[in-house]
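Each remark here refers to the structure printed beneath this line.
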Amino acid sequence: MRLRLPSPRVLVWIGMAAFAAEFTALSVLRHRAFNTGRFDLGNIVQSIWTTTHGDFLQQTNLHGEQISRLGSHFEPILVVFVPLWWIWPSPEMLLTAQAIALAFGALPVFWLARKHLGSERAALALALAYLIYPPLQWLALDEFHPGALACPLLLYAFWYLDENRLIPFGIFAALACMTREEMPLIVAGMGIWYALTRKRYRFGAAVAVGGVALTALIVAFVTPHFRHGAPLTFYGRYKDVGGSPSQAVRMIFSHPIHVLQIVFDHRGVRYLGQLLLPIAGLCLFAPFALIPALPLLAINLLSSAYGQTSIHFHYTAGEIPILMAATVLGAAWLAKRWPRALIPIAAGVLAASLIGNYLLGPLPLWRHVPGGQTLGADRSDVSAHDRIAARALELIPRDAVVSATNGLGAHLSARKRFLSFPVLDGAAWVAYDGKHPSFADRLVTGEQARNALLRVRHSPEWRLVFSEDRIYIFEHMPDI
């Protein structure tokens with residue numbers, strides 16, 4: 001009896017389920033291994049928690065002041081998670097939702113490829129290539145960021161725009177614009193692509209102008225309003241191109257050689273290579289489809305911040321959907337010229353993603369394969385130290401003001417006021433991990449935090465209630 005394989009459509013759903021299960025498990029284990037932090041998961045958890053308690057998207061900043069999340073990033077889509085928090089009040093809910101949302105991006109990739117390639121088998125290969133694509137998998141593991149949700153939303157928006165179904169396109173595009181302030185620029189680029197390829201100039205121009213105007217409105221008015229005039233520190237990343245959006249745009253036209261030297265330095269070339277090689281560079285055969293990605297690529301490549309030119313962080317969220325859509329259209333362009341090469345072309349993209357995942361991806365299994373990627377392979381391993389930390393944090397009341405190191409922050413931030421150690425202003429409890437400091441602990445407060453710990457340990461106002469494996473929990477004793 002001949003064995004019948006599931007249809008390509010069923011296999012896409014199986015691939016999506018496997019991705020969602022794998023990256024939910026890895027993300028949750030990373031959280032339980034204290035490889036998430038106050039920055040950024042804890043800040044988002046606190047913003048959702050305060051919203052459920054009547055304070056819309058409020059969080060505590062580094063100085064101990066209550067501020068609006070909208071003063072840092074335009075992420076109103078976070079309100080969608082408020083009812084989910086009522087059902088499952090845990091950071092693990094956010095990590096699970098993110099993995100599932102990213103998995104659902106495979107559907108529009110499959111639909112788009114099936115339409116333009118005329119083959120469900122070729123479409124299956126490209127949908128699986130999306131799920132295996134290393135930047136997508138790193139995005140799934142970079143804690144939780146609302147901007148990551150733009151990845152599937154923009155893919156659905158692109159699919160509906162390609163189908164000339166403008167109302168569903170508008171819905172998904174609007175949702176994507178609610179995930180982060182730069183996402184309207186990608187929607188604007190979609191409008192330009194639509195105008196150039198479909199000759200629908202009025203609608204395309206309206207989308208382009210609307211997207212640019214929305215980002216400009218957010219950057220010029222919305223974010224400053226919620227910051228109450230405080231300067232935005234992110235602009236410091238762009239000091240080499242003027243230090244502000246307007247200056248950067250001006251420098252692009254006035255000093256293009258200088259800008260190109262910044263974009264194509266060794267970091268930029270490596271970043272572009274890691275984005276393009278796992279999709280065999282096929283997106284380059286559909287240059288118009290790449291237009292929507294150009295603003296975000298410029299934002300990342302012109303930044304001096306390392307994370308923005310690395311596939312290991314969430315800054316790729318808006319680039320991935322455009323690169324995948326352009327890959328589909330690039331494969332279709334090649335297949336029209338060499339119809340007999342259709343399946344080899346699609347298989348080549350899938351093979352490139354597999355090889356790219358082996359060399360660049362985050363899956364822990366590669367550490368057991370010679371030459372495989374090992375970066376972060378042990379970040380999902382829950383150690384004895386992590387179990388001690390979890391037991392120690394149970395001593396802290398859920399409604400108390402707590403000051404903690406960044407590595408413990410995501411486990412403690414579901415409260416009205418949460419402080420970053422060594423800030424102690426009004427803190428009733430202190431939680432300190434001296435053995436497993438996070439990147440933010442080492443970068444921002446390392447020596448300062450250690451000195452503050454010594455002061456707390458020798459102060460009669462603080463009582464040491466837990467000390468094991470360099471995990472310290474202190475309770476404030478104000479009457480002493």
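Values in this text are rule-based calculations from the coordinates and carry no lab data. Given the structure is predicted, the values throughout are model-derived calculations rather than measurements. Note: ideal-geometry Cβ built from the backbone for every residue, glycine included; neighbour counts use all protein chains shown.
What to note about this one:
- Taking a straight Cα-Cα cut-off under 18 Å and skipping sequence neighbours fewer than 8 places away in the same chain, the aspartates and glutamates within cross-link reach of Lys435 are Asp378, Asp381, Asp386, Glu447, Glu468, Asp469.
- At an R0 of 45 angstrom, the distance between the Cβ atoms of Leu260 and Ala390 translates into a FRET efficiency of 0.35.
- Taking a span of 24 Å or more along the helix axis (Cα atoms) and a mean Kyte-Doolittle hydropathy of at least 0.0 as the rule, the DSSP H helices of the chain that qualify are 8-32, 319-337, 342-360.
- Scoring 234-245, 182-193 by mean Cβ neighbours within 10 Å over their residues and listing the highest first yields 182-193, 234-245.
- Of all DSSP beta bridges confined to region 384-476, the antiparallel ones make up roughly 65%.
- Two-site label geometry, Gln448 and Asn164: point separation in nm, points 7 Å out along Cα→Cβ: 5.9 nm
- Magnitude of the charge dipole for region 384-476, about its Cα centre and with charges confined to Cβ atoms of Lys, Arg (+1) and Asp, Glu (-1), is about 40 debye.
- Segment Asp399-Ala25, length gained on full extension (0.36 nm per residue, minus Cα span): 131.8 nm
- Stretching Leu84 away from Ala305 to a fully extended chain increases their span by 76.2 nm, per 0.36 nm per residue minus the current alpha-carbon distance.
- This ranking places Leu294, Leu128, Leu107 by how few other beta-carbon atoms lie within 10 Å of each, fewest first, which gives Leu294, Leu107, Leu128.
- The simple spin-label model puts a point 7 Å past each Cα toward its Cβ; for Arg202 and Arg457 those points are separated by 7.3 nm.
- Exposure proxy order (Cβ contacts within 10 Å, fewest to most) of Trp88, Trp138: Trp88, Trp138
- Ordering of 300-310, 200-210 by burial proxy (mean other Cβ atoms within 10 Å per residue, highest first): 300-310, 200-210
- Of all DSSP beta bridges in the chain, antiparallel share, percent nearest 5: 70 percent
- Region 322-358 and region 377-394 have Cα centres spaced 42 Å apart.
- Rounded FRET efficiency, nearest 0.05, which uses the C-beta distance separating Leu284 from Leu359 and R0 of 22 Å: 0.65
- The packing ranking of peptides 397-409, 350-362, highest mean first, is 397-409, 350-362, where packing means the average number of other beta carbon atoms within 10 angstrom of each residue.
- Here's the picture: charge each Lys and Arg Cβ at +1 and each Asp and Glu Cβ at -1 in the chain, and of Leu354, Gln46, Ala113 the one pushed furthest to the positive end of that dipole is Ala113.
- Between Asp55 and Leu294, the FRET efficiency estimated from the beta carbon spacing at R0 = 45 angstrom works out to 0.75.
- Extension reserve of the Val382-Val369 stretch, reckoned as 0.36 nm per residue once the Cα distance is removed: 2.5 nm
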